Amino acid sequence: MLTRREFSRDFLVGGSGLLASGRLSVGEFQASTNQSTKLDCDLLIKGGTVIDPAQGLHSALDVAVKDGKILMVSRDLPEAGARNVVSAKDKIVTPGFIDIHVHCFDGISFGANADRTCLGRGVTTVVDAGSVGYPMIAGFIKYVVKTSMTRIVVLLDISALGITVGIKDTMKNLDWVNPELTAKAAQDNKPTVVGIKVRLQQTIQGDKDLECLKRALEAAEATHLPLMAHVDNPYSPLPDILKMLRKGDVFTHFMNGNPHGVLDANGKILSEVLEARQRGVIMDPAEGNHLSFDVAEKCLAQKFLPDTISTDLVNQSKFGPVYDLPTEVSKYMALGIGLEKVIEMVTANPARLFDYSLPLGTLKPGSEADIGIFEVQDGDFEFMDSAQRKRTGRQRLVNKAVVRHGEFILNED
């Protein structure tokens, strides 16, 4: 049986089979290149509709890749000189998706395999959101980060236990919540560690949520890193939590339907939530088991959109309602957010949140050659939230192939 890489190479040599949708509008594009010109590149993706919100591109364009970087994005690039050519006819071509909330300590607790569940669905970069605390970060980097083709960066959990023994009760003993040791481990493991994670939920730390948040912020301040705060059914009122978050910090699971949520008794967004966004706090829904369609629809009706879309993916996700990031993107399309906007939420927007040490989330020449090739399918598609409530969408985004640092990989499913 061919490996994924062998399959991809054979596919590329043949130059056949894949995929810019005539249904999609065409906007501005870079200058055309004469077909008689020879183009020296490793990979040429032809005939797709490029959607790159970071550059304001939504056009029928070709993408050339060389030495793991984007060489050129232009119309009618010549095939002569390209070592591998892939047709993206009737497909969209995007920067590789970025999922800022996954758990990928494969084999430990409920961690997913990033290459299978993320890269195999067009997600080239993931942020592991607190799978480990300071005692296990070195092992996580050695055995997961460095062995994965998917780019993985890490939010270090303020709890020493992370989620390696599950989640319940992991911060009720504050001896396990040590900002000094967390800060030291984060500093020692930069640039892989890009932030600090804290979970604020009654089943995790009881009535100690504000103290745990305080300690997490101490670690974040000491390392000059952003903080991601999981907030769902906390002990303390949400306004007390939000007032502690800083510009660039992430409020994840903000569309949950549990007590102390973002809506008041009349379904209106709390003024403290609006103020937090105005202050620069990032709003991320990260479904996991934390998404309510009812809350999401009320937020969207008030023009309060997510800044990013993420999954909270774990190894049980094959059973739903979270399957992969393209499915999550499709849910928000079903809720009424347009295609360009949802792609921005998984490319340009998350690329700005953390220091990934190289330019991501765009197809700008010179940036990392992380690329997704997707099909927009029309039909009636049923989606579920965390409480199994259903909504029907008219379109679904499905990954067909991905390029990671210049290497083409065909989606085998």
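The values are calculated or read from the model by the stated rules, or taken from the named source; none is laboratory data. All values reported here derive from a predicted model rather than from experimental measurement. Methodologically, a virtual Cβ is constructed for each residue, glycine included, from the backbone with ideal geometry; neighbour enumeration extends over all protein chains shown.
Report the residue count in region 188-210 for those that are in contact with a strand residue (DSSP E or B) (Cβ under 8 Å, 6 or more places away or on another chain), more than 26 Å from Asp232 (Cβ to Cβ) and not hydroxyl-bearing (Ser, Thr, Tyr).
2
Output the residues belonging to region 216-261 that are under 22 Å from the mean Cα position of the chain (by Cα), over 13 Å from His290 (Cα atoms) and surrounded by 20 or more Cβ atoms within 10 Å (Cβ to Cβ).
Ala220, Leu225, Pro226, Leu227, Met228, Ala229, Leu245, Asp249, Val250
Look at Ile100 and say whether it is part of a strand (DSSP E or B) and in contact with a helix residue (DSSP H, G or I) (Cβ under 9 Å, 6 or more places away or on another chain).
So Ile100 fits the description; yes.
In this structure, is Asp106 closer than 17 Å to Ser367 by Cβ, within 25 Å of the chain's Cα centre (by Cα) and either surrounded by 19 or more Cβ atoms within 10 Å (Cβ to Cβ) or modelled with pLDDT under 95 (or both)?
no
Looking only at residues that are part of a loop (DSSP other than H, G, I, E, B) and touching a helix residue (DSSP H, G or I) at 6+ places or on another chain (Cβ under 6 Å) in region 137-160, which one is modelled with the lowest pLDDT?
Ala160
Within region 270-294, take every residue that is surrounded by 18 or more Cβ atoms within 10 Å (Cβ to Cβ) and over 21 Å from the mean Cα position of the chain (by Cα) and give me the one that is nearest to Lys331 (Cα to Cα).
Val273
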